[in-house]
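Have a look at the structure below, then the notes.
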Amino acid sequence: MEQLMPPSAYNEAIKIGFFRRPILQPAIAFCGAWLFVALLYQMKFSYLLIYGGWQVFWPTFIIITGFFVGSIPGYFFSVDRNSAWRSKHFSLTRGDLASIEKRLNILLISWLILSILEIIYSGGLPLFWLFTGSSKTYFDFGIPSLHGLLNAVISACTLVSFLIAPYASRSIYRYMPALLFIWAIIAVTRNLIIVNGLQILFLYALTKRSFNPKNVIGLFVLLILSVIIFGWVGDARSGATAFLGLARPSNMWPSYLPSGFFWVYIYLTTPLNNLVHQMNSMIPEWNWTLMYSTSTFFPSVVRDAIYGENHMFRGDLVQEAFNVSTAFSDLYRDIGYYGLAFLSFIIGYFSIKFWNGRNIIALFFLAVMMQNNVLSIFFNNYFYLPVIFQFAVLAFILRGITGVTMAEPAK
């Protein structure tokens, strides 16, 4: 028999911090990421980077300016804009926590049942196919349209589980990030690992009161090791010689560095390179309905029926092997430079609105938005259904859970 919670415990307050550090301010994070990539581009460590300073500066300037312009109404339409506090706490009751856990359990059980159906439908698992040499790949896994929504469900559940785990009644929530990453490996989907890794990292940074210098140093060492391992894996899969032949390092590249650094450099700079190349080689189609930009809003079955293969737009690439063109390529295809300004305006508006949010749901929305902002230098998660559906799932989990805001002075 389920043990009932006494009324005093049911109303007991749990404090969750929201520490708005300047370095995490959306304008600094977003603009810093784009300026950093533009600076790396100017170093010209690869002969693939064929454009000059002004040609790279102009789209970067439009994107950053659009963000700042959008942040102005985002600030003025924020409920908490006049707060004199940099940091605050959200206060949840045990009753709030019980409601959150109940909804998480419903979603997780539903996810598990539907994932089993996907395995049956697909006839196996991608990791098994990989090791057995099957002709099937991870593209063949999952039920069309449903698979992306299930990824959004497990991502949102993992994000909430990460935050409530220390206070939850069940220990399963502590292991949700690890379980999700294991599932991502089984399903052979790097995007699920990257998206959730960043979201959890941002949520941790936003809710952690202070950082031990040892932890910061450890994180930096882990980052360096990850870069080195990334290079080793890339060399093993593609061959170091083949990669260098495609990436074409210039004489300015410090060749004494481990190969992982050049892999990361190419992955960071070629999306911007492709965007600039697209702007210099093609004329926008002036689709003011944003026909191609919004194609990823639809489930794959609907999208394929409407667009056919036209939604698989790569643009005019400098090198076919590096086919990512930032979050803005489809917007440029539709309406040119106006598309860059429009999307960055929307990004700025919602980023600042979530940053100044009064309810606890804004904290989770901000973590998802910051992940989108960082990855905008690669691709458009803002219009990607498996990512944006997280907002709907988070709204369901936290429905009616506002949390009492208690501010504390900035330190």
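The values are calculated or read from the model by the stated rules, or taken from the named source; none is laboratory data. All values reported here derive from a predicted model rather than from experimental measurement. Cβ: placed from backbone, ideal geometry, glycine included. Neighbour counts: every protein chain shown. Ligands, DNA and RNA are excluded from the accessible area calculation, which covers all protein heavy atoms including side chains. Shrake-Rupley method; radii C 1.70, N 1.55, O 1.52, S 1.80 Å.
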Contour minus end-to-end for residue 174 and residue 223, with contour as 0.36 nm per residue of separation and end-to-end as the Cα-Cα distance?
15.3 nm
Using 0.36 nm times the number of residues separating residue 134 and residue 119, minus their current alpha carbon distance, what extension gain do you get?
3.9 nm
Checking the a/c ratio against 1.5 first, then a/b against b/c, what shape does the Cα gyration tensor give for segment 95-220?
oblate
For the peptides 153-159, 194-200, what is the packing order when you average, over each peptide's residues, the other Cβ atoms within 10 Å and list the highest mean first?
153-159, 194-200
Size of charge dipole - the chain - debye, nearest 20, with Cβ of Lys, Arg +1 and Asp, Glu -1, no other charges
1260 debye
Suppose we take every Cα in the chain and form the convex hull; what volume per residue is that in Å³?
169 Å³
Solvent exposure of the chain as accessible area per residue, Å², 1.4 Å probe:
50 Å²
Starting from the Cα of residue 102, draw a straight line to each of the lysines and keep only those under 29 Å, dropping any in the same chain fewer than 8 residues away.
15, 88, 208, 353
By the Kirkwood definition, with r running over pairs of different Cα atoms, segment 14-55 has a hydrodynamic radius in Å of 12.9 Å
Using a Förster radius of 35 Å, what is the FRET efficiency between residue 201 and residue 298 based on their Cβ-Cβ separation? Nearest 0.05, please.
0.75
Of 202, 128, 90, which is the most mobile in a GNM of the chain whose springs link Cα atoms less than 10 angstrom apart?
128
Between residue 14 and residues 5 or more places away or on another chain, which pairs have amide H atoms under 5 Å apart, with H built 1.01 Å from N, and which residues are they?
92, 93
Helix axis angle, 385-397 relative to the chain longest principal axis, alpha carbon, degrees
10 degrees
In nm, give the distance between the simple-model label positions of residue 402 and residue 358, each being 7 Å from the Cα along the Cα-to-Cβ direction.
0.7 nm
Can you pull the one-decimal nm distance between simple spin-label points at residue 193 and residue 106, each 7 Å off the Cα toward Cβ?
3.4 nm
Computed over the chain: longest principal axis from alpha-carbon atoms vs helix 213-238 long axis, angle to nearest 10 degrees, is 50 degrees
Peptides 352-360, 28-36, 241-249 ordered by average Cβ neighbours within 10 Å, highest first:
352-360, 28-36, 241-249
Can you tell me the dipole magnitude for segment 74-163 around its Cα centre, using point charges on the Cβ only (Lys, Arg +1; Asp, Glu -1), in Debye to the nearest 20?
340 debye
Among 287, 212, 380, which one moves the most in a GNM of the chain with springs linking Cα atoms closer than 10 Å?
212
Using only Cα atoms, find the angle between the long axis of helix 259-281 and the longest principal axis of the chain, and express it within 0 to 90 degrees, rounded to the nearest 10.
70 degrees
Compute the label zone of residue 288 within segment 339-383: residues whose backbone N is under 17 Å from the point 7 Å along Cα-to-Cβ.
339-343
If I ignore ligands, DNA and RNA and count only protein heavy atoms, how much of residue 298 is accessible to a 1.4 Å probe, in Å² to the nearest 10?
80 Å²
With a cut-off of 16 Å, note down the residues of segment 21-61 whose backbone N falls inside the zone around a label point 7 Å from the Cα of residue 216 toward its beta carbon.
21-25
Take the chain, connect every pair of alpha-carbon atoms lying under 10 Å apart with a spring to form a Gaussian network, then pick out the residue of 99, 295, 169 with the largest mean-square fluctuation.
169
Considering the options 386, 92, 186, tell which one lies farthest towards the positive end of the dipole of the chain, charges being +1 on Lys and Arg and -1 on Asp and Glu at the Cβ, about the Cα centre.
92
Could you work out the relative contact order of the chain, using alpha carbon pairs under 8 angstrom and six or more residues apart, expressed as a whole percent?
32 percent
Residue-count net charge about residue 104 - beta-carbon cut-off 14 Å; Lys, Arg +1, Asp, Glu -1:
+3
